[in-house]
Amino acid sequence: MKSAFVSLTALLFISACASTPPAEPAPQPAPEPGPTRHTPTPSGHMTPLPPVPGSIAEFQKMAGDRVYFAYNAAQLSHEARAVLSKQAQWLNRYRNTRILIDGNCDERGTREYNLALGARRASAARDYLVSLGVSPSRISTISYGKERPIDGRSNERAWAKNRNAHTGIVSGAVS
Amino acid sequence: MRIIFALALMAIALPAWARLEIDISKGHLDPMPIAIPDFVGASDPERQVGAQIAELVRANLERSGLFRPLDPASFIEHQSNINVQPRFADWRIIKADALLSGRLVMESDNRMRIEFRLWDVLDQTQLVGLQLATTPENWRRIGNKISDVIYQKLTGETGYFDTRIVFTAESGPKTDRVKRLAIMDQDGANPTFLTSGKYTVLTPRFSPTAQQITYMSYASRTPSVFLFNIETGRQEVLGDFPGMTFAPRFSPDGTKVIMSLVQGGNSDVWVMDLRTRQRQRLTNSPAIDTSPSFSPDGSRIVFNSDRGGSPQLYMMNADGSGIHRISFGKGNYSAPVWSPRGDLIAFTKSLNRKFHIGVMRPEGDVERILTTSYLDEGPTWSPNGRVLMFTREPRPGAGPHIWSIDLTGANLRQVPTPGDASDPAWSPLIQ
């Protein structure tokens, strides 16, 4: 029994040594000149597939899910209308989807006034989608006022991002 | 700010409290020196609680900005019996104008009795002599009540120390903020969370009995005005409105809640009767109408509207008639709140990329700006209409805290809170 134990220990020791990388790499033979060998490696980079049609990812990629506003304003800019038009195209294609539009403000205003302003922004986006044929029964709105900034910093760039209406697909999208 | 001494001859015609009085109408404060020794007691536990109460009274009065409690180390006389006249000369030497002598007696049945006398050192007369009994765990409320008695006796105005503050306790990053309903004593003691933080809560306000809070919460499918019963912890959505409701406030008699309702993206002011649950629309404009606040007599309402193109303050009668603009200064105005005294309206003003707390008369004139910072907002009045608390973010990116300022614009202080805090609302005096 004892000798068996010793030899097992020795075996473990040897295998432990064997797994240790050699201190120096073994010298490699110089590559042989000759005909180019064909490698099965795919050429170029992998590129992502387009999102699945009808998915939230497709909606975000095709249209964009956020439109932005000027300070203390709820008027839709040209850019905002362009984004909402693409949203409407997608929504008119996938008619089983339902959306929630949340209106948001930057931090430079009083809390209650911003709740009202956020409601107005969400409603502006909603009304434009409805004018492009999206059924109002598919759209809910909510205002977060200044309570849900997407950029937590306090500078012009962050404020511009935080003045928005965000369109979230709440149901009916392909997952 | 100075102390008024009535002449001895005139004193005959004056009520007793007028002899030693702080004139609090002036802007420049010269606080009254007052001596408040630790309350005497026959045993160590009595002396210990007696010292706590005296320290609380000193801290309250000092924080008001109207009093300067003297260092107990400077006291010459050390009274052991508060039922004899103090040696007034000893108190005059250290320049005390008033002296509070207190005594605490532990009785059987876990009761304690507190006796105190307030002396006019210069006139050598007693201004107040009172006693009361309670349980020892109530020592803090007793200290606040004694502070209110002193404040009332020496300023002629009701105090505000036996009150509480409801507020929003904030934590977490700005992009994922947790906001919980919380309550504490006016000095920041005993902070307690009332909600878990699972849902965002905003803008809590007390009922006139201080037993209920109305606030806005995202706990319901449509964000709504809620009622919270402080005694039972029960929360309920107020009314079944066809849209988001927010910006609630109680009427001065507590029978109604006034608020904004969003319909089709547009905010108007509505009022709801809490007993009948009937609701009435008060404004009907395509503009933002929000932040309504009743006058103390319930006859008028001040509110915030952008019907003129920018956020301004407007006034209307309680039935929605007679709407007219009252703010005409430079800048944008919002979050108006009527003083409990009725003489002033506090507001938030933004001008030149700064935010200010200010006050104006209900007619809109005599505007005074009291504070300035990156973001000051949402004033609330002490029940005597003398002090304002508000939310301050002192600079971009700094978390919000609660601050207070005297109506004169003096005595700006941060109110201690366990973490970031916003939307303070001051309770009435606790009954």
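The values are calculated or read from the model by the stated rules, or taken from the named source; none is laboratory data. This is a predicted model, so every value here is computed, not measured. Positions of Cβ are backbone-derived with ideal geometry, glycine not excepted, and every protein chain shown enters the neighbour counts. Note: areas computed on protein heavy atoms with side chains; ligands, DNA, RNA excluded. Shrake-Rupley method; radii C 1.70, N 1.55, O 1.52, S 1.80 Å.
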Any residue at all in the stretch B:166-176 that's β-branched (V, I, T) and more than 17 Å from the chain's Cα centre (by Cα)? yes
Which one is nearest to B:P379 (Cα to Cα) among residues in the stretch B:236-250 that are away from chain A (no Cβ under 14 Å) and touching a residue at least 24 places away in the same chain (Cβ under 8 Å)? B:F250
Restricting to the stretch B:153-169, what's the tally of residues that are within 25 Å of B:P191 (Cβ to Cβ), among the charged types (D, E, K, R) and outside any strand (DSSP E or B)? 1
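Take the residues in the stretch B:256-279 that are polar (S, T, N, Q) and exposed (fewer than 13 other Cβ atoms within 10 Å of the Cβ); name whichever of them is farthest from the other protein chains (Cβ to nearest Cβ).
Quick first cut of the stretch B:256-279, residues polar (S, T, N, Q) only: B:260, B:263, B:266-267, B:276, B:278.
Subsequent filtering for residues that are exposed (fewer than 13 other Cβ atoms within 10 Å of the Cβ) retains B:276, B:278.
Details: B:T276: 26, B:Q278: 24 Å.
Going through the qualifying residues, I end up with B:T276.
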Among the numbered criteria (1) farther than 21 Å from B:A182 by Cβ; (2) open to solvent by 10 Å² or more (accessible area, probe 1.4 Å); (3) out of contact with any His (no Cβ under 8 Å at 6 or more places or on another chain), which single criterion is violated by B:P383? (1)
State whether the residues of the stretch B:346-361 include one that is touching a Ser or Thr at 6+ places or on another chain (Cβ under 9 Å), open to solvent by 20 Å² or more (accessible area, probe 1.4 Å) and assigned to a loop (DSSP other than H, G, I, E, B). no
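Check the stretch B:219-232 and report whether any residue there is more than 14 Å from chain A (Cβ to nearest Cβ) and in contact with a Ser or Thr (Cβ under 7 Å, 6 or more places away or on another chain).
Yes, the stretch B:219-232 contains at least one residue that is more than 14 Å from chain A (Cβ to nearest Cβ) and in contact with a Ser or Thr (Cβ under 7 Å, 6 or more places away or on another chain).
Could you check the stretch B:178-211 and list, in sequence order, the residues that are touching a helix residue (DSSP H, G or I) at 6+ places or on another chain (Cβ under 9 Å) and of a type in the set (S, T, Y)? Spell out how you get there, then give the answer.
In the first step, residues of the stretch B:178-211 are kept if they are touching a helix residue (DSSP H, G or I) at 6+ places or on another chain (Cβ under 9 Å); the result is B:185-187, B:189-190, B:202-203.
Scanning the stretch B:178-211 gives a single hit, B:T203.
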Give me the pairs, please: first residue somewhere in the stretch B:162-176 and under 23 Å from B:N138 (Cβ atoms), second residue anywhere and of a type in the set (S, T, Y) and in a helix (DSSP H, G or I), beta-carbon distance under 8 Å, and either six or more positions apart or on two chains. B:D162/B:S147
Considering residues that are farther than 19 Å from B:V149 by Cα and hydrophobic (A, V, I, L, M, F, W, C), the number found within the stretch B:71-111 is 11
State whether one or more residues within the stretch B:64-81 are of a type outside the set (D, E, K, R), touching a helix residue (DSSP H, G or I) at 6+ places or on another chain (Cβ under 6 Å), outside any loop (DSSP other than H, G, I, E, B) and modelled with pLDDT of 95 or more. yes
Is it the case that the stretch B:33-50 has a residue that's buried (at least 18 other Cβ atoms within 10 Å of the Cβ), out of contact with any helix residue (DSSP H, G or I) (no Cβ under 8 Å at 6 or more places or on another chain) and of a type in the set (A, V, I, L, M, F, W, C)? no
Report whether or not B:G322 is within 23 Å of A:R120 (Cβ to Cβ) and either of a type in the set (S, T, N, Q) or surrounded by fewer than 20 Cβ atoms within 10 Å (Cβ to Cβ) (or both). no
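The rows are residues; the columns are (1) under 18 Å from B:S350 (Cβ atoms); (2) within 10 Å of chain B (Cβ to nearest Cβ).
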{"position": "A:R108", "(1), (2)": "yes, yes"}
{"position": "A:L117", "(1), (2)": "yes, yes"}
{"position": "A:R121", "(1), (2)": "no, yes"}
{"position": "A:D127", "(1), (2)": "no, yes"}
{"position": "A:L132", "(1), (2)": "no, no"}
{"position": "A:I139", "(1), (2)": "no, no"}
{"position": "A:T167", "(1), (2)": "no, no"}
When you scan the stretch B:138-195, how many residues do you find that are open to solvent by less than 20 Å² (accessible area, probe 1.4 Å), under 17 Å from B:S427 (Cα atoms) and among the basic types (K, R)? 0
Of the criteria (1) in contact with a Pro (Cβ under 7 Å, 6 or more places away or on another chain); (2) small (G, A, S); (3) buried (at least 19 other Cβ atoms within 10 Å of the Cβ), which one B:G342 fails: (3)
